[in-house]
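**Student:** One structure coming up, written as structure tokens, with questions to follow.
The values are calculated or read from the model by the stated rules, or taken from the named source; none is laboratory data. Computed from a prediction, not measured in an experiment: that's the story for all the values here. Counting neighbours? That spans all protein chains shown, and the Cβs are built from the backbone with ideal geometry, glycine included. Accessible surface areas use protein heavy atoms only, side chains included; no ligands, DNA or RNA. Shrake-Rupley method; radii C 1.70, N 1.55, O 1.52, S 1.80 Å.
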Amino acid sequence: NIIFVLPTPVDETRTNPVFWNADVSYKNARLEEYNGIIKSACAKNGAFVIDIFSKWIKTDYKKLLEDGVHPNSNGHKLIFEDVKKFLIENKIIIF
């Protein structure tokens with residue numbers, strides 16, 4: 001089974017631009033475009049998608065990010081829980 005875990009949203013106040021390179025920015029609108037392409041490719045090829053982005057964007061997700069891009073330990077725990085739930089619900093693992 002192929003399973004794509006979509007990226008989390010970013011904190012644009014910290015990623016536009018990123019602190020390590022003034023010429024680089026990460027924006028949620030671009031991530032949504034990317035996620036749409038991934039979802040389409042997965043649907044076309046029978047791969048699974050775990051959409052963390054859509055779930056987190058509806059919450060106070062910024063507190064789950066270490067540096068505006070990468071999840072902190074609480075964020076990683078939530079991702080783990082979502083992936084585990086998905087794997088169990090789709091009978092990919094038995095728990």
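**Student:** Quick one: is Asn1 outside any helix (DSSP H, G or I), within 21 Å of Glu89 (Cβ to Cβ) and in contact with a Phe, Trp or Tyr (Cβ under 9 Å, 6 or more places away or on another chain)?
**Tutor:** Yes; evaluated as a whole, the condition is true for this residue.
**Student:** Another question, then. For segment 16-28, name all the residues that are out of contact with any helix residue (DSSP H, G or I) (no Cβ under 9 Å at 6 or more places or on another chain) and not in a loop (DSSP other than H, G, I, E, B).
**Tutor:** Hits for segment 16-28 are Val18, Asn21.
**Student:** Being surrounded by fewer than 12 Cβ atoms within 10 Å (Cβ to Cβ), touching a helix residue (DSSP H, G or I) at 6+ places or on another chain (Cβ under 6 Å), of a type in the set (Val, Ile, Thr) and on the phi < 0 side of the Ramachandran plot narrows it down to one residue among Ile50, Ile37, Ile93; which is it?
**Tutor:** Result of the check over Ile50, Ile37, Ile93: Ile93.
**Student:** Tell me the residue from Thr59, Thr8 that is open to solvent by 70 Å² or more (accessible area, probe 1.4 Å) and within 16 Å of the chain's Cα centre (by Cα), please.
**Tutor:** Thr59
**Student:** Does Gly68 fit the bill of being small (Gly, Ala, Ser), free of Cβ contacts under 8 Å to residues at least 60 places away in the same chain and open to solvent by less than 50 Å² (accessible area, probe 1.4 Å)?
**Tutor:** yes
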